[in-house]
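The values are calculated or read from the model by the stated rules, or taken from the named source; none is laboratory data. This one's a predicted model, so the numbers in the text were calculated from it and none came from an experiment. Virtual Cβ from ideal backbone geometry, glycine too; neighbours counted across all protein chains shown.
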Amino acid sequence: MSRIGKKPIAVPQGVKVEIAGNVVRIQGPKGKLEQPLPPGIKLEQKDGHLHAVRGSDDQAALHGLARALLNNAVEGVTKGWTRELEIVGIGYRAELKGKGTVVFSLGYSHPIEYPLPAGIEATVDPKQTKLSVTGIDRQKVGQVAAEMRGLRPPDPYKNKGVRYAGERLKKKVGKTGAK
């Protein structure tokens, strides 16, 4: 029994939803997104709300998923999604090169250039240790943030590297008694 799938999705003012077969096109103040619907899931629009309806109990697993993806798309075109990254380490920093490239200095012998995909923007604070990834597609924002974190994942011994803002790390103790 999907409790998430039964919840209605509120469509805010200024958001247009167009249902064409198994593809839903959502247009809002920040942009447009297309979200495919899994087979067996239908979308109904009534009095400013969207309702995901499944044909049978065989699609129970996809019911809540479809509703969550649509809700993320509606929220993305109205507010947008943001993921914050922190860069920790002496000499570790990031800077914007033009509009579509982030250059990382992460202790390697060379700087790493990361090209931003279409629809994703990044901002770097003046200290060059905090990075903010924004966009309307939640999946794409999370993927870009994960790839940036993967350039130098947090080290459990020295706590250096690229991490998500607010990420708690378990620090390990190093070698002991080497004389």
Flag if Val103 is touching an Asp or Glu at 6+ places or on another chain (Cβ under 6 Å), surrounded by 12 or more Cβ atoms within 10 Å (Cβ to Cβ) and farther than 30 Å from Val23 by Cβ: yes
Among the residues of the stretch 120-128, is there at least one that is at pLDDT below 95, in a loop (DSSP other than H, G, I, E, B) and among the basic types (Lys, Arg)? yes
Tally time: how many residues in the stretch 35-65 are without any contact (Cβ under 8 Å) to a residue 24 or more places away in the chain and under 21 Å from Gln13 (Cβ atoms)? 3
Residue check: is Glu95 in the same structural domain as Ala145 (by TED's automatic domain parsing), under 22 Å from Pro154 (Cα atoms) and within 18 Å of the chain's Cα centre (by Cα)? no
Of those in the stretch 136-179 that are aliphatic (A, V, I, L, M) and under 16 Å from Gly89 (Cα atoms), the residue modelled with the lowest pLDDT is Leu169
Result of the Cβ filter at 9 Å on the stretch 71-84, keeping first residues that are in contact (Cβ under 8 Å) with a residue 60 or more places away in the chain and over 9 Å from Pro12 (Cβ atoms) and partners that are surrounded by fewer than 18 Cβ atoms within 10 Å (Cβ to Cβ) and aromatic (Phe, Trp, Tyr), at least 6 apart or interchain, is Arg83/Tyr164; Glu84/Tyr164
So Val88 fits all but one of (1) closer than 25 Å to Glu147 by Cα; (2) modelled with pLDDT under 95; (3) surrounded by fewer than 15 Cβ atoms within 10 Å (Cβ to Cβ); what number is the exception? (3)
Restricting to the stretch 74-107, name every residue that is in a strand (DSSP E or B), within 18 Å of Gly31 (Cα to Cα) and β-branched (Val, Ile, Thr). Thr82
Looking only at residues that are closer than 16 Å to Glu84 by Cβ and not basic (Lys, Arg) in the stretch 152-168, which one is surrounded by the most Cβ atoms within 10 Å (Cβ to Cβ)? Val162
Residue satisfying all of: in the stretch 27-74; among the basic types (Lys, Arg) and in contact with a strand residue (DSSP E or B) (Cβ under 8 Å, 6 or more places away or on another chain); surrounded by the most Cβ atoms within 10 Å (Cβ to Cβ) among these: Arg67
Taking the stretch 42-73 and the residues there that are part of a strand (DSSP E or B) and of a type in the set (A, V, I, L, M, F, W, C), the one that is nearest to Val17 (Cα to Cα) would be Leu50
What are the residues in the stretch 129-154 that are under 30 Å from Ala68 (Cβ atoms), in a loop (DSSP other than H, G, I, E, B) and in contact (Cβ under 8 Å) with a residue 12 or more places away in the chain, if any? Ile136, Asp137, Leu151, Pro154
Which of (1) more than 20 Å from Arg149 (Cα to Cα); (2) surrounded by 14 or more Cβ atoms within 10 Å (Cβ to Cβ) is the odd one out, the single condition Gly98 does not satisfy? (2)
